[in-house]
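Chemist: Here it is, the structure, as structure tokens.
Derivation of every value follows stated rules applied to the coordinates shown; laboratory data play no part. Quick caveat: nothing in here was measured; it's all calculated off a predicted structure. Cβ atoms come from the backbone with ideal geometry, glycine included; neighbour counts cover every protein chain shown.
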Amino acid sequence: MWVSRLALRDFRSYDSLDLDLDRGVTTFIAPNGWGKTNLVEAIGYLSRLRSHRVPHDLPLVRAGQGQAIVSAKAHRGERQVTAEVTIRAKGANRARINRTGVRVREILGLVPCVVFAPEDLGLVKGDPGERRDWLDSLLVARNPRFAGVLSDVEKALRQRNALLKSLKQHPNPGLEATLDIWDRAFAEAAAALVIGRRRLLSDLAPHIGAHFSTLAADARESRRLASAEYRSRIDYSTIDPHADDAVVRAVDVIVEAVLSRREKEIDRGLTLVGPQRDDVELLIGDVPAKGYASHGESWSLALALQLASWDLLREDSGNPDDQPVLVLDDVFAELDTGRRARLADLVAKAEQVLITAAVGSEIPQELVGRTVDLTTVASPR
Ligand SMILES: Nc1ncnc2c1ncn2[C@@H]1O[C@H](COP(=O)(O)OP(=O)(O)OP(=O)(O)O)[C@@H](O)[C@H]1O
Ligand SMILES: [Mg+2]
């Protein structure tokens, strides 16, 4: 898959931009603050319906404007499609496919893209929420059905927490019966999510290990295997996530877990266990990366996570024409020469790679492609 044209209206710093893109490697060079990340963020947004750097859409709309439009023409072999999203500062977003209005979620999967950016260091060093969001976003990218599962979990949690809060204030047996119903609804959505996440992690694991070892080939850490393990206060260890009955069994385990904590949960007025509290522990050898890994190791591991997700999306399509676009935003500056060369080697075979850098000399010479001086194409302010 590759994007031949990107159009932005009032997106971030751009009032209007129409940019033709090529297959293969394109490098955008411009000084700090010129709008390089804004540009690639727009493609990333079309892919996942969320920004890779902010949790909400509002900052994506140019200051003082009511809405932003991102549109891309995507090619898969002979087929082409134009996907467009209108991000509204107030009110629900809108989407069009080939100029026909559709539900926003239908855009998911049309312009698959994996963005690697400095913010991804948070995957290794940051809070569990960052790792959960990354995993969930990949889950949805691989299978848009999970967008529904995620909103079911959120809704059940909201209802359950509201009930727990009322029960804390006014004990009421009638309300407790309603809580039983929400326990079940929560457990059903949560089980689908947890099993989905665990399946995804087991698919990712070999790719994470391989990319980390390749990137770190000449360093000490290359002898240690990088891995990722699902961590939860609920014990799912007896459930094989790939088994047919995995979700059904996880429902029972979650119902049991919330029932055994009911008194505590009423006392706190909050759901204390479930996927909203789980984490993915990243390890280098048998040492947790968070709190132990060096800056360079953390960076390689974050990169390995994103390259692994790119592999999975590529594998899923089963079609060599259907690779996700790969975005490397400001990545090379952080890497030593060996890592730069090995990363260049890895991505050179991608159908479309968009690279940004403030300084052209950071880009390894192996990455021959088109270089765009963004200052001659766009003047975002
Ligand atoms: N909603 C918005 N409205 C107007 N301007 C914005 C908005 N969001 C971001 N900007 C501006 O966009 C500019 C460009 O940001 P961007 O992150 O794309 O720069 P960059 O070229 O990637 O820089 P760096 O090399 O430092 O990473 C910044 O000056 C920022 O203030
Ligand atoms: Mg940037």
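Chemist: Going by the alpha-carbon gyration tensor, a ≥ b ≥ c the square roots of its eigenvalues, is the range 237-323 rounded (a/c under 1.5) or, if a/c is not under 1.5, prolate (a/b greater than b/c) versus oblate?
Modeler: Since a/c reaches 1.5 but b/c is at least a/b, the shape of the range 237-323 is classed as oblate.
Chemist: Still on this model: Just tell me which lysines come within less than 29 Å, Cα to Cα, of K90; anything on the same chain fewer than 8 places away is out.
Modeler: Excluding near neighbours in sequence, the set is K36, K73, K155.
Chemist: May I pose another question? Which order do T27, T100, T214 fall in if you start with the one that has the fewest other Cβ atoms within 10 Å?
Modeler: Fewest-to-most ranking of T27, T100, T214: T100, T214, T27.
Chemist: Using helices alone, I'd like the mean residue ellipticity at 222 nm for the chain: each DSSP H run of four-plus residues gives -39500 (n - 2.57), total over residue count, nearest 500.
Modeler: Taking each H run of at least 4 residues, the total per residue is -14000 deg cm²/dmol.
Chemist: Moving on. Count charges around L272 for me, please; just the other residues with Cβ under 9 Å from its Cβ, Lys/Arg as +1, Asp/Glu as -1.
Modeler: That sum, taken over residues with Cβ under 9 Å, equals +4.
Chemist: Report, to the nearest 10°, how far helix 337-347 tilts away from the longest principal axis of the Cα atoms in the chain, using its own Cα long axis and a range of 0 to 90°.
Modeler: Compared with the principal axis, the helix lies near 80 degrees.
Chemist: Go through 101-113, 35-47 and give me the packing order, highest mean Cβ count within 10 Å leading.
Modeler: The peptides rank, most packed first, as 35-47, 101-113.
Chemist: While we're here: Scaled to the compact-protein estimate 2.2 N^0.38 Å, what is the alpha-carbon radius of gyration of the chain, rounded to two decimal places?
Modeler: In units of the globular-protein estimate, the chain measures up at 1.05.
Chemist: Can you tell me the orientation of helix 295-317 relative to the chain, as the angle in degrees between its alpha-carbon axis and the longest Cα principal axis, to the nearest 10?
Modeler: 90
Chemist: A further question on this structure: What FRET efficiency would be calculated for the residue pair N93, A63, taking the C-beta separation as r and a Förster radius of 25 Å, to the nearest 0.05? Kindly include the intermediate steps, with their values, before the conclusion.
Modeler: Details: r = 18 Å, r/R0 = 0.73.
About 0.85, to the nearest 0.05.
Chemist: Same structure again: Please sort 325-333, 175-183 by packing, taking for each peptide the average over its residues of neighbouring beta carbons within 10 angstrom, highest first. Could the numbers behind the result be given before it?
Modeler: Working: 325-333: 22.2, 175-183: 15.9.
Answer by packing, highest mean first, reads 325-333, 175-183.
Chemist: Rank by packing, highest mean first: peptides 230-237, 250-257, with packing defined as the count of other Cβ atoms within 10 Å averaged across residues.
Modeler: On the way: 230-237: 14.8, 250-257: 18.6.
The packing order, highest mean first, is 250-257, 230-237.
Chemist: Oh, and also: Once you order the gyration tensor axes a ≥ b ≥ c over the Cα atoms, which shape class does the range 1-105 get: rounded for a/c under 1.5, otherwise prolate or oblate by comparing a/b with b/c?
Modeler: Working: a/c = 1.87, a/b = 1.08, b/c = 1.73.
It is oblate, given that a/c is not under 1.5 and a/b is not larger than b/c.
Chemist: Which one, S227, A216, V140, is farthest towards the positive end of the dipole of the range 140-231 when Lys and Arg carry +1 and Asp and Glu -1 on their Cβ?
Modeler: The Cα lying farthest towards the positive end belongs to A216.
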